[in-house]
Amino acid sequence: MAMASLQAPIKLSSYPDSLFSSKKPQILSALRAPGYLRKPLIVVPKLPIGLDQKKVSIDELNKIARITHVTKDKKGDSVLIKLYTILEVVSDRIEMHQNIKEQRENWNSLLLNSVNMITLTAATMAGLVGPEMGSSLGLKISSTLLFAAATGILLIMNKIQPSQLVEEQRNAVRLFKQLETKIQTTLALQIATEKEVEDAMEEVIALDRAFPLPLLGAMLEKFPHKFKPATWWPSKMPSSRQKLTPRSKNKNGWSEELEEEMREIVGAIKRKDMEDYVRLGNKALKLNKTLAILGPLLTGIAAVGSGLSGHGGPWAGVLAAVAGSMASIVNTIEHGGQVGMVFEMYRNCAGFFSLLEEIVESNLEESELGKREDGELLEMKMALHLGRSLSELRDFADKSRRDGGNANEFASKLF
C-alpha cells in the first residue's frame, strides 16, 4: 500500500490555492521519499559557452570540471604550488640534517670516551706485566688485543672525523633555514615567479652537493691537499633578486660613490679576511693531519710493545704503557679539542667571504642597473653581514680608499 501510494500520481492542481499555500510544508513533507529512494544532488560546473547542454552527459561534465580546475591552477597557482613543494623539501632537509648532526655528535663523544678507556686500560695492563711469562700471560694478551682494537677504532675515527661531520651538518641546518626563510618571504610578499622557483631548486641542489647526507661514497674529503673555502651556492649566482625597473632619479639605488664603496669593501675582504682564514685553515689542516697519523701510530707501537713484553727485560712493557698514555693525550687533543670542527669552521668562514665577494662582483658586472639588486638594499645587507652600521661601513670604505688599500682593519667584525 505504501509503495502504491507513492507511485500514484498526485494532482496538486485539484486542491484550492489557499489550502496548498497554507499546507505547503506538510504536503512537501508527506511527499518526501525515504532516504534510500532519494537521488543524490549532483553539482556540476557551469558549461562553457558554445556547448550543447542537451547532449552533454554527467561524465563529460565531470571531465570538464577537472580540466577547468587544472587549467585554473596552471594559470594562477602553479608557481605557488611549486614553491610550497620546494618549501616542504627544505623543511624535511632541515629535520634530516638536524637528526644526523645529533647522531654524529654522539659518535664523537662516545667513540672518544671508549677509545681512551680502552687505551688507558691496555696501558695499565702492559705496565703490570712482569718477567714471569706464566703469571702475566693473560695481561699481556689482553693489553695487546685492546691496543689493536684502539688502533682500528682510531683509524676509522680519524678517517671520518666525527667533529667535522657535526660542523658540516650544523652549517647545513643554518643554510637550509636561511633558504626556508627566503622562500617564506617570497610567498608572503606574493612576488613569486618561475625564476624564483628555478633559483630555489638550484640552491637546494647546491646545498645537497656541499653538505651530503650519506657517509660512505659521498663524504667530503677530510684531508684535502690544499685548503679551499666551502661553496654552497650555485655556480651561477641566482639573478632573481629584485628585478626593478631603472628609475631616472636614483638609478635603482646605485651611484658612482656606492660602486666605489663596494669595490673597496670587496678588496678589503680579499686582502684581509679571506687571506687570514685561508692561513688559519691551512694551519688547522696540518695540525689535524699530524694528530690523525700520530694517534694510530702510537697505539700500534703500544700493541707491538705489549706483545713483546716479558722478553728481554721490562722495556717493552714500559714502551707499551708510555705509547698508550701518549696516544690518549693525542686523541683527546684531536677529537676532544675538535680540531676537525675548527678546520671546517675556517673553511665555511672563508666560503662566507667568497659568497659576499661574488654577490658584489655579480652586481657590479651587470651593466643594466635595472637588473641589479637595489643598491641601498645591497649596502644594508653588506653592513649587516659584516657586523657594521651603514655609517661604519662607509667610513671603512673611505679609510681604505685613503690608505690605498693598505688598511690593517678587517672588513668583518663578526669573525
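Overview of values
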{"quantity": "Exclusive hit being within 24 Å of S163 (Cα to Cα) and out of contact with any Pro (no Cβ under 9 Å at 6 or more places or on another chain), set L356, L280, L308", "calculated": "L280"}
{"quantity": "Selected residue (only one of A172, A123 is within 30 Å of Y346 (Cα to Cα), at pLDDT 90 or above and buried (at least 20 other Cβ atoms within 10 Å of the Cβ))", "calculated": "A172"}
{"quantity": "Unique residue being without any contact (Cβ under 8 Å) to a residue 60 or more places away in the chain and part of a helix (DSSP H, G or I) when the list is I329, I359", "calculated": "I329"}
{"quantity": "Some residue of segment 248-264 being of a type in the set (A, V, I, L, M) and modelled with pLDDT under 90", "calculated": "no"}
{"quantity": "Options K140, K177; residue that is touching a residue at least 12 places away in the same chain (Cβ under 8 Å) and closer than 27 Å to A303 by Cα", "calculated": "K140"}
{"quantity": "Those residues of segment 81-126 which are more than 16 Å from the chain's Cα centre (by Cα) and among the basic types (K, R), in sequence order", "calculated": "K82"}
{"quantity": "Residue in segment 208-226 that is over 24 Å from I100 (Cβ atoms) and at pLDDT below 90 present", "calculated": "yes"}
{"quantity": "Segment 384-399 - residue that is small (G, A, S), under 20 Å from F352 (Cβ atoms) and out of contact with any Lys or Arg (no Cβ under 6 Å at 6 or more places or on another chain) and, of those, surrounded by the most Cβ atoms within 10 Å (Cβ to Cβ)", "calculated": "A397"}
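Per-residue answers, yes or no, for (1) in contact (Cβ under 8 Å) with a residue 12 or more places away in the chain; (2) part of a helix (DSSP H, G or I); (3) on the phi < 0 side of the Ramachandran plot; (4) in contact with a strand residue (DSSP E or B) (Cβ under 8 Å, 6 or more places away or on another chain):
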position: L364; (1), (2), (3), (4): yes, yes, yes, no
position: S367; (1), (2), (3), (4): no, no, yes, no
position: E373; (1), (2), (3), (4): yes, no, yes, no
position: L378; (1), (2), (3), (4): yes, yes, yes, no
position: A383; (1), (2), (3), (4): no, yes, yes, no
position: G387; (1), (2), (3), (4): yes, no, no, no
position: G404; (1), (2), (3), (4): no, no, no, no
position: E409; (1), (2), (3), (4): yes, no, yes, no
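Conditions (1) over 19 Å from L386 (Cα atoms); (2) more than 27 Å from the chain's Cα centre (by Cα), marked per residue:
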position: W254; (1), (2): yes, yes
position: M262; (1), (2): no, yes
position: V266; (1), (2): no, no
position: I269; (1), (2): no, no
position: D273; (1), (2): no, no
position: D276; (1), (2): no, no
position: L285; (1), (2): yes, no
position: T290; (1), (2): yes, yes
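The rows are residues; the columns are (1) buried (at least 16 other Cβ atoms within 10 Å of the Cβ); (2) out of contact with any Gly (no Cβ under 7 Å at 6 or more places or on another chain); (3) part of a helix (DSSP H, G or I).
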position	(1), (2), (3)
Q164	yes, no, yes
L179	yes, yes, yes
T185	no, yes, yes
A188	no, yes, yes
A192	yes, yes, no
E202	yes, yes, yes
I205	no, yes, yes
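Every residue, every condition in (1) farther than 17 Å from T231 by Cα; (2) buried (at least 16 other Cβ atoms within 10 Å of the Cβ), yes or no:
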position: E259; (1), (2): yes, no
position: A268; (1), (2): yes, yes
position: A292; (1), (2): yes, yes
position: G337; (1), (2): yes, no
position: M345; (1), (2): no, yes
position: E358; (1), (2): no, no
position: E373; (1), (2): yes, yes
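The values are calculated or read from the model by the stated rules, or taken from the named source; none is laboratory data. Since the structure is predicted, the reported quantities are computational estimates derived from the model, not experimental observations. Cβ coordinates were reconstructed from backbone atoms using ideal geometry, including for glycine residues, and neighbour counts include every protein chain displayed.
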